[in-house]
Each structure stands twice: as structure tokens, then as C-alpha cells.
Amino acid sequence: MSEIAGQTGLRAGATAVVHESYSFACMRCGHGWEQSYEIEHHVDADDHEFVLYVANGQVVPSPLSRPTCSNCDNHVVRIMRPGRVASARDAAYRQHRTPPAGPAEAPASDAEGQQHHWHLSDLLHPFQRKAS
């Protein structure tokens with residue numbers, strides 16, 4: 001979920017950058033999305049460490065503190081490992097695909113190779129009692 005980058009491309013004062021990606025799902029409206037972040041590690045003038053989350057080149061709040069759904073502004077958001085939203089969309093697509101047209105099975109044939117059309121009485125024949 002994360003990888004540490006070298007010193008190139010850091011903001012002024014950053015000591016390291018970690019790249020992390022997450023999947024998000026809103027528990028209110030069902031909206032799902034994925035986002036990658038560059039997490040810059042810094043040290044302030046008092047030697048206290050802090051991090052900046054950068055998404056699409058802009059400093060943003062930590063997605064782990066209070067994520068917000070971009071669809072409905074709700075804060076009840078589930079955070080998952082990256083790729084979960086994409087795999088769920090793929091599964092939903094496969095589930096709702098229309099099957100190809102045509103018969104599911106070929107019709108049964110008798111011993112001479114002619115097609116046999118089944119009737120209800122044919123299916124019930126083994127269960128009929130013989131009159132004695």
C-alpha cells in the first residue's frame with residue numbers, strides 16, 4: 001500500500017515521501033472512489049515531526065482522519081486497500097451482463113436421431129401406479 005521514494009521532487013523541508021493509495025466507499029450513498037497520496041514527512045523548527053498529504057499536487061487533509069464523500073458530503077466512509085473499488089465494479093459488470101441468446105440445452109433425441117418433444121405425461125410416467 002505504500003512505497004518510500006527517494007529525495008527527488010520533495011517540497012522544501014521534506015525528509016521523505018511515501019506513496020499510498022486507498023479505496024473509499026460511502027456507506028450512505030454507495031459512491032466508491034480511489035485516490036493516491038504522496039505523504040511528505042517534515043520536521044518543524046522545534047524538531048517535531050509532521051506529515052503533509054498531497055493529492056493531485058495539492059495539500060489535502062489526511063484521508064484517515066475524516067474522509068468525506070465527494071458525492072454526498074457524508075463522513076461515514078469505509079477505507080480499504082487499493083483496487084477494491086475497481087474489482088467491485090468489474091464484478092458488478094460481469095454479474096449484470098446479458099447472456100448470449102439461444103437455447104440453454106439442445107433438444108433430446110430418440111434412438112433414431114429424431115428430436116423428442118417432452119410432455120408432462122412423459123415426465124410423470126415413472127410415477128404412475130399400475131392398476132392391479
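Can you tell me which residue in segment 34-63 is farthest from the chain's Cα centre (by Cα), limited to those that are farther than 18 Å from Gly13 by Cβ and open to solvent by 50 Å² or more (accessible area, probe 1.4 Å)?
Selected residue: Pro61.
Is it the case that segment 69-77 has a residue that's open to solvent by 60 Å² or more (accessible area, probe 1.4 Å), modelled with pLDDT of 90 or more and part of a strand (DSSP E or B)?
no
Test Arg28 against the stated conditions and say whether it is out of contact with any Pro (no Cβ under 7 Å at 6 or more places or on another chain), at pLDDT below 90 and part of a loop (DSSP other than H, G, I, E, B).
No.
Residues of segment 1-25 being of a type in the set (Val, Ile, Thr) and either over 20 Å from Pro82 (Cβ atoms) or modelled with pLDDT under 85 (or both), which ones?
Those that are of a type in the set (Val, Ile, Thr) and either over 20 Å from Pro82 (Cβ atoms) or modelled with pLDDT under 85 (or both): Ile4, Thr8, Thr15.
The values are calculated or read from the model by the stated rules, or taken from the named source; none is laboratory data. Nothing here was measured: the structure is a model prediction, and the numbers come from that model. No Cβ is skipped: glycine too gets one built from the backbone with ideal geometry, and neighbour counts run over all protein chains shown. Each accessible area value is taken on the protein alone, full model and side chains, heavy atoms only, with ligands, DNA and RNA left out. Shrake-Rupley method; radii C 1.70, N 1.55, O 1.52, S 1.80 Å.
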